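Structure record follows, encoded as structure tokens.
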Amino acid sequence: MNERIDILLSNFLKNSVPAHGLPAVAYNDSEFWEIESETVFTQNWVFVGFVHELKKPGDVVTCSVAGQPLILIKNKLGEINAFHNACRHRCLKLVDEAKNVGTKLRCPYHSWTYNLDGELCETPFFAGEEHHVEGFDLSKHGLKPVRLAIWHDWIFVNLSADAPAFEEYSAPLIKYFDDINFEQVKAVATLDFGEISTNWKFLMENYIEPYHVQFVHRTTTNQPLKDHYTIVDDVCLGSAIELDEEEKVKGSLSVSSRYLTLFPNFIIGRYFPDQIGVYLNVPVDSGRTQQKRVIYTTEGQTLSKDEVDAVKKLWWDVHKEDHAICERLQLGRASPVAKEGGFLSPHWEDSVRAFQTMIAEAVMNTSKNI
Ligand SMILES: [Fe+2]
């Protein structure tokens, strides 16, 4: 472990009022990102994709966790499984984009072939004229599986063999959805934002603090700061607002809302009375993150094209406001002023402090084990 990172994180963990944010190194240092990959993104359940994007047997979606390429694949029974996206022969990245592979997954290099359950079926000419090398057991060389859990439309994976079950891990978040009938929840639109020039943590931190809403979103929302509160509930962090009828303004985000997350990268917003938004945040490296948002209705209602376009435009605009801020947070990390992380509001950013503390503790614990 890098001593410089260790010292900076030790300083961060000391309590001061107001507390410091994470040091700049947590956002712009490639070594920090590598340690995060080995800890935060290896030990925890990470959100990777949407069930509704895998419609038919043979559908494959690619994803990346801790910089590792993975695939999600639907088998003949309609079950979704996750595997490392690498052929067992020469370790080529097997699938490069979402597609349907039919009944078999064939490596384009030397045609090693796997069925939809990841079992190795064919190794053409591996022994010369013959296909089978004696002593090489095909059943032991299928695609390497990854632990997977599904909560309604949302797919999570865990790279660690000894992490708790998803149901146990996610309980602090899931209890906030006790009153929803998930059979009525329908995906109605997807916004793909591509790559944003910011560290993944800035997108998470921005989402769980209500402090900025009145300033950054003053044209797209009408949510007074005084009505907000933060949520710090183990691995579920966020904020919420309950508005009176007279405070609601049609066509804007002036609705009672809950902005919730599951550590590390799952974001689910609930907008009363009838909308959910889920964001997929995929870190590319320390300075870049891919983001996508799926919008759901929660009462089974079908929206007209105009209604879908309106809701897409509203969320597109809100996200762009947040992205601009997160990109400038990233740029600010090049300044020596950011070395010790600035300051956090003890009232409005306690959720951010809790998130950052989980990051610092995960990174430092591992450093002690190395
Ligand atoms: Fe925002």
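See the values below:
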{"read-out": "Number of the exception - Phe136 against (1) out of contact with any His (no Cβ under 6 Å at 6 or more places or on another chain); (2) surrounded by 14 or more Cβ atoms within 10 Å (Cβ to Cβ); (3) of a type in the set (A, V, I, L, M, F, W, C)", "value": "(2)"}
{"read-out": "Of all residues making up segment 72-109, the number that are free of Cβ contacts under 8 Å to residues at least 60 places away in the same chain and assigned to a strand (DSSP E or B)", "value": "7"}
{"read-out": "Close pairs from segment 155-171: first assigned to a loop (DSSP other than H, G, I, E, B), partner of a type in the set (Phe, Trp, Tyr), Cβ under 9 Å, at least 6 apart", "value": "Leu159/Phe41; Ala163/Trp45; Ala163/Tyr169; Pro164/Trp45"}
{"read-out": "Selected residue [more than 16 Å from the ligand (Cβ to nearest atom), in the same structural domain as Thr198 (by TED's automatic domain parsing), closer than 28 Å to Ala26 by Cα and of a type in the set (D, E, K, R)] from Arg293, Arg328, Arg333", "value": "Arg333"}
{"read-out": "Filter result (at positive phi and either open to solvent by 50 Å² or more (accessible area, probe 1.4 Å) or among the aliphatic types (A, V, I, L, M) (or both)) within segment 100-130", "value": "Phe125"}
{"read-out": "Residue satisfying all of: in segment 139-148; of a type outside the set (Gly, Ala, Ser) and open to solvent by less than 80 Å² (accessible area, probe 1.4 Å); nearest to the chain's Cα centre (by Cα) among these", "value": "Leu148"}
{"read-out": "Flag if Tyr229 is surrounded by fewer than 21 Cβ atoms within 10 Å (Cβ to Cβ) and within 12 Å of the ligand (Cβ to nearest atom)", "value": "no"}
{"read-out": "Out of Asp285, Asp306, Asp317, sole residue that is more than 16 Å from the ligand (Cβ to nearest atom) and either in contact (Cβ under 8 Å) with a residue 12 or more places away in the chain or in contact with a Pro (Cβ under 6 Å, 6 or more places away or on another chain) (or both)", "value": "Asp285"}
{"read-out": "Single condition Ile180 does not satisfy, out of (1) more than 16 Å from the ligand (Cβ to nearest atom); (2) of a type in the set (A, V, I, L, M); (3) part of a strand (DSSP E or B)", "value": "(3)"}
{"read-out": "Of the criteria (1) open to solvent by 40 Å² or more (accessible area, probe 1.4 Å); (2) closer than 30 Å to Pro23 by Cα; (3) in the same structural domain as Leu225 (by TED's automatic domain parsing), which one Ser304 fails", "value": "(2)"}
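Conditions (1) open to solvent by 20 Å² or more (accessible area, probe 1.4 Å); (2) over 30 Å from His152 (Cβ atoms), marked per residue:
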residue	(1), (2)
Ile5	no, yes
Phe12	no, yes
Val17	yes, yes
Glu31	yes, yes
Trp45	no, no
Val60	no, no
Asn75	no, no
Gly78	yes, no
Ala82	no, no
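The values are calculated or read from the model by the stated rules, or taken from the named source; none is laboratory data. If you're wondering where the values come from, they're calculated on a predicted model, not measured in any experiment. Cβ coordinates were reconstructed from backbone atoms using ideal geometry, including for glycine residues, and neighbour counts include every protein chain displayed. Just so you know, the surface numbers come from the protein's heavy atoms only, side chains and all, with ligands and any DNA or RNA stripped out. Shrake-Rupley method; radii C 1.70, N 1.55, O 1.52, S 1.80 Å.
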